[in-house]
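Encoded as structure tokens, the structure appears first; notes follow it.
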Amino acid sequence: MSDTTPVKEGAAVTQATLVKKAAPKSDYKPADVSPQRRVQRTFAVRLWSIRHSRLLEWFYSRFADAFLLLHPLWKGIGYGRVEAPVKFVEKRVKGFMFDCRMCGQCVLSSTGMSCPMNCPKQLRNGPCGGVRANGNCEVEPDMPCVWVKAWEGSRNMVHGDKILTVQKPVDQSLRETSAWLRVTAQAAAARETAQNPGASA
Ligand code: SF4
């Protein structure tokens, strides 16, 4: 039996059918992203975070300081041991606020609080040439380009010009690790080096 039986007059029409019919026929549609699923995604929280990038920049700065203050605790327990519980929290908090993909090398502070890993091409240094006239992504037509949003978010931030810093390619070996702990460990090491410049010689 065929799936293409015409819908009878008065028969119930599903939301999926309506969305499919309404979708522009010329738009490229990735095989794994249905028009219905794209419409269901509103990006509301992600866009809220970008609109409040200045507040989040201030908050993250305090949060990073607090994490650094706890360095003796992390070191005492062992960074390896606290990795799993910290990652559990980080993944959920940043997943909710930024649609974080846990790349392990967070650049939110340099990208207007817009996570570049949400770019379907995972570009870390600006948009591709395919941004639509309405500022949306060429691959996911209903999603605002993460780099257009990154620029908007960066304009609200005190250190927004960090968006001009060229980012290194993603180190895939750091995926699913805690960026919070990595940044803390690196800051602690830099502080110790500054306090004892001869120790590392
Ligand atoms: S840059 Fe990486 S760690 Fe930061 S929010 Fe995006 S995926 Fe998560």
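Data table
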read-out: Residue that is closer than 26 Å to Arg62 by Cα and outside any strand (DSSP E or B), where the choices are Ala133, Ala84; value: Ala84
read-out: Given (1) touching a Lys or Arg at 6+ places or on another chain (Cβ under 8 Å); (2) surrounded by fewer than 13 Cβ atoms within 10 Å (Cβ to Cβ); (3) closer than 18 Å to Ala44 by Cα, number of the condition Pro116 does not satisfy; value: (2)
read-out: Top-ranked residue of region 136-178 - restricted to ones that are assigned to a loop (DSSP other than H, G, I, E, B) and β-branched (Val, Ile, Thr), ranked as farthest from Cys106 (Cα to Cα); value: Val139
read-out: Cross-chain or 6+ apart pairs with Cβ under 8 Å, region 171-192 first and without any contact (Cβ under 8 Å) to a residue 24 or more places away in the chain, then part of a loop (DSSP other than H, G, I, E, B); value: Glu192/Ala199
read-out: Sole exception among (1) in a loop (DSSP other than H, G, I, E, B); (2) within 10 Å of the ligand (Cβ to nearest atom); (3) at pLDDT 95 or above for Gly112, by number; value: (2)
read-out: Region 92-103, residues that are surrounded by 20 or more Cβ atoms within 10 Å (Cβ to Cβ) and either more than 6 Å from the ligand (Cβ to nearest atom) or over 8 Å from the mean Cα position of the chain (by Cα) (or both); value: Cys103
read-out: The lone exception for Met117 - which of (1) farther than 22 Å from Leu164 by Cα; (2) part of a helix (DSSP H, G or I) it fails; value: (1)
read-out: Out of Val107, Val86, Val33, sole residue that is closer than 17 Å to Cys145 by Cα, surrounded by 13 or more Cβ atoms within 10 Å (Cβ to Cβ) and modelled with pLDDT of 95 or more; value: Val107
read-out: Which numbered condition Pro127 misses (of (1) assigned to a loop (DSSP other than H, G, I, E, B); (2) out of contact with any Leu (no Cβ under 7 Å at 6 or more places or on another chain); (3) closer than 14 Å to Ser178 by Cα); value: (3)
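The values are calculated or read from the model by the stated rules, or taken from the named source; none is laboratory data. These figures come from a predicted structure and were not determined experimentally. We place every Cβ from the backbone using ideal geometry, glycine too, and count neighbours over all the protein chains shown.
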